[in-house]
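Read through the structure below, which is laid out as structure tokens, and then see the notes.
Each value in this text was obtained by applying a stated rule to the coordinates, not by laboratory testing. What you see is a predicted model; the values in this text were computed from it and never measured. Ideal geometry is used to build each Cβ from the backbone, glycine not excepted, and the neighbour counts take in all protein chains shown.
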Amino acid sequence: MKNLLLILTLLVMETNAFAQFSQEPLPYAFDALEPAIDKMTMEIHYGRHHKAYVDNLNKAVAGLPQEKLSLLDLQKSITPETPAAIRNNGGGVWNHTFFFNGMAPNAGGEPKGELGTAIVATWGSFDKFKEEFKKAALGRFGSGWVWLTVANGKLVIQSTPNQDNPLMSVSDVKGTPVLSLDVWEHAYYLKYQNKRADYTDAYWNVVNWDRANQLYKAAK
Ligand code: MN
């Protein structure tokens, strides 16, 4: 009986070892972004939604060539012919890791560095940029994302449906994201209910501009 348990344990470990994609740890505590993003939303968003995308992606790629790709290359491989389970869950994994890493405690404020300069050069002011970003957030019908993207060397605000992102060939505008906002209801409903505009306003208190600036400098 003891040996059987040992064999079963090893089998389970072996199965997990084959899982291609894993969930990156959250870089802060669940309550670290309070009050902009509440603790329970972070617990459910990371612990259930994000985890489910990882688990379902691993099921979707099992035995397929996509199993061998990095998460980044998987995004770039998405075409209209890609099975929906791979496109949606693959995007779900990458988008959430990018979004969570794009926020930080004691962050927010005005963008500085080269990105701050480029935002003002592109939109005239940080306030005008936030206005356009909010317009994109409110304009996304149903579920999706808003992105600040570098496309052909220029900054653009864009929105994608579902779990699509600017790295995918199916995106209207393709480019390299520097920051993102999840506008799925699961991202804000517990605290903000239907008030997506208030959630978008609160986001500016937790944006990790240092990271966005690094990504901008690498992308342009
Ligand atoms: Mn989400």
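Two decimals is fine: what is log10 I(q)/I(0) at q = 0.14, 0.20, 0.24 Å⁻¹ for region 123-220, from a Debye sum with one equal scatterer on every Cα and no solvent? Results for region 123-220 at q = 0.14, 0.20, 0.24 Å⁻¹ read -0.50, -1.03, -1.40. Computed from the mean reciprocal separation of all distinct C-alpha pairs, what Kirkwood hydrodynamic radius does the chain have, in Å? 18.4 Å is the Kirkwood radius here. The phi-based Karplus calculation (6.51 cos²θ - 1.76 cosθ + 1.60; θ = phi - 60°) puts the 3J(HN,Hα) values of region 80-94 at x, 7, 4, x, 4, 5, 6, 4, 6, 6, x, x, x, 5, 5 Hz, whole numbers, x for Gly and Pro.
Averaging 1/r over each pair of different alpha-carbon atoms in region 16-104 and inverting the result gives 13.7 Å, the Kirkwood hydrodynamic radius. Using only Cα atoms, locate the centre of region 42-56 and the centre of region 114-130, then give the distance between them in Å, rounded to an integer. With region 42-56 and region 114-130 each reduced to a Cα centre, they are spaced 33 Å. In this structure, the pairs whose alpha-carbon distance is over 24 Å, taken from K39/K154; K174/K217; K174/K195, are K39/K154; K174/K195. Here the Karplus curve 6.51 cos²θ - 1.76 cosθ + 1.60, taken at θ = phi - 60°, turns the phi angles of region 173-182 into couplings of 10, 9, x, 10, x, 10, 7, 8, 10, 6 Hz, with x standing for Gly and Pro.
Within straight-line reach of K68, meaning a Cα separation under 19 Å, sit the following lysines at least 8 residues removed in sequence or on another chain: K59, K76. Think of the chain as having a plus end and a minus end, set by charges on the Cβ of Lys, Arg, Asp and Glu; of G102, A52, A121, A121 sits farthest toward the positive end of this dipole.
Relative contact order for the chain: what percent, with Cα pairs under 8 Å and sequence separation of 6 or more? Dividing the mean separation by the residue count of the chain yields 23 percent. Computed 3J(HN,Hα) for region 105-114, one whole-Hz value per residue from the Karplus formula 6.51 cos²θ - 1.76 cosθ + 1.60 where θ = phi - 60°, is x, 6, 10, x, x, 8, x, 10, x, 4, glycine and proline marked x. Between amide H atoms placed 1.01 Å from N, distances below 5 Å from V183 occur with G144, W145, V146, all of them 5 or more places distant or on a separate chain. Taking every DSSP helix (H) stretch of at least 4 residues in the chain, weighting each as -39,500 (n - 2.57) and dividing the sum by the residue count yields a mean residue ellipticity at 222 nm of -14500 deg cm²/dmol.
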